[in-house]
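J.: Sharing a structure below in structure tokens format, with a few things to ask.
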Amino acid sequence: MSRLIAITDIHGEYEKLCSLLNKIAPQKDDTIIFMGDYIDRGAKSKQVVDKVISMNEVCHCEYLIGSHEYALLHSNSDKYYEYLFWNYGGDATAECYGSYENIFKIHGEFFNSLKPYYLTEKYLFIHAGIRIGIPLEFQNLVDMVYIRSEFYNKKHNLAQKIIFGHTEFDKPQIWEDKICIDTGCGKYKNSPLTAFVSENETEYFINSNN
């Protein structure tokens, strides 16, 4: 049976990504939703992006935008996002690619193609969340990649359960209407990369440390 698999907030941690994917062992009928923040902090952002792109040869993949990609894409035109990119680990990304300009030369097409969310009958996969009370089609992309407690501290009214990252916790956080799977990968040395898996009406987690 096919699985829906969500992975988010990799932050340049290539070894943890490979460890997690080895444990998941994706099959051709699976769908992996990568929910953003591929880059920054960790030392191997380019390798991470190469790896997630290559996974599309193994199974179906969806690629979403995270706050760090949003900051990268706006760093040339907006001083605030330029500050965010460099302040939150962009130096490691630029070093990994050889230069800031090389990020766009090598993977600019990928970063510009990232989607705001992925919707199924049962789930909404998104990087950070939504503004409660606003229909999905009218959501602001900045909210979708940056929102925190205004989203997860309130119950939403969508039909789907929301799977998200962006705000790190020690372990996956499970609410009735949403699940956060950011467990601090890239921010804290020993924090694992965690995947959410939906299979045969069952939901479970796999992490890179187990």
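FYI, it's all coordinate maths here, none of it is from the lab. Just so we're clear, the structure is a prediction, and the values are computed from it rather than from any experiment. Ideal geometry is used to build each Cβ from the backbone, glycine not excepted, and the neighbour counts take in all protein chains shown.
J.: Order of Cys185, Cys61, Cys18 from fewest to most other C-beta atoms within 10 Å? Each step should come with its number before you reach the end.
T.: Details: Cys185 29, Cys61 19, Cys18 15.
Lowest to highest Cβ neighbour count: Cys18, Cys61, Cys185.
J.: So what are the ³J(HN,Hα) numbers for the range 127-135, from phi and the Karplus equation (6.51, -1.76, 1.60; θ = phi - 60°), rounded to whole Hz, Gly and Pro as x?
T.: Using θ = phi - 60°, the values come out as 5, 10, x, 9, 7, 4, x, 9, x Hz.
J.: Tell me, what is the percent relative contact order of the chain, built from C-alpha pairs under 8 Å that lie six or more residues apart? Please list the in-between numbers first.
T.: On the way: 456 pairs, mean separation 51.2, N = 210.
Once divided by the residue count of the chain, the mean separation gives 24 percent.
J.: Sorting check: for 45-52, 3-10, 171-178, which peptide has the highest mean count of neighbouring beta carbons within 10 Å, and how do the rest follow?
T.: Going from most to least packed, we get 3-10, 45-52, 171-178.
J.: Return the calculated 222 nm mean residue ellipticity for the chain, to the nearest 500 deg cm²/dmol, obtained by summing -39500 (n - 2.57) across DSSP H runs with n ≥ 4 and dividing by the residue count. Please list the in-between numbers first.
T.: Values: 8 runs with 67 residues, N = 210.
Estimated from H runs of four or more residues: -8500 deg cm²/dmol.
J.: Give me Ser198, Ser67, Ser113 sorted ascending by neighbouring Cβ count inside 10 Å, so fewest comes first.
T.: Working: Ser198 19, Ser67 23, Ser113 10.
Sorted ascending by nearby Cβ count, the order is Ser113, Ser198, Ser67.
J.: Extending each Cα 7 Å along its Cβ direction at Val58 and Glu199, get the distance between those two points in nm, one decimal.
T.: 1.4 nm
J.: Using Cα-Cα distances under 8 Å and only pairs 6 or more residues apart, what relative contact order does the range 161-210 have, in percent?
T.: Numbers: 82 pairs, mean separation 12.4, N = 50.
After rounding, I find 25 percent.
J.: If a/c stays under 1.5 just call it rounded; otherwise compare a/b with b/c (prolate if a/b is bigger, oblate if not). Do that for the range 5-151, with a ≥ b ≥ c from the square roots of the Cα gyration tensor eigenvalues.
T.: Values: a/c = 1.85, a/b = 1.03, b/c = 1.79.
Oblate.
J.: Any idea what the relative contact order of the range 109-210 is, in percent, if you count C-alpha pairs under 8 Å spaced at least 6 apart? Before the final figure, lay out the partial values.
T.: Values: 170 pairs, mean separation 18.3, N = 102.
Here the relative contact order equals 18 percent.
J.: For the range 82-107 and the range 152-210, write down the distance between their C-alpha centroids in whole Å.
T.: Their Cα centres are 27 Å away from one another.
J.: Which order do the peptides 155-164, 77-86 come out in when sorted by mean C-beta neighbours inside 10 angstrom, highest first? Intermediate results must be reported in sequence, preceding the final value.
T.: On the way: 155-164: 17.2, 77-86: 15.0.
Top of the packing list down: 155-164, 77-86.
J.: Exposure proxy check: Met144, Met55 ranked by fewest other beta carbons within 10 Å? Numbers along the way, then the final one.
T.: Working: Met144 26, Met55 19.
Taking fewest neighbouring Cβ atoms as first place, the list is Met55, Met144.
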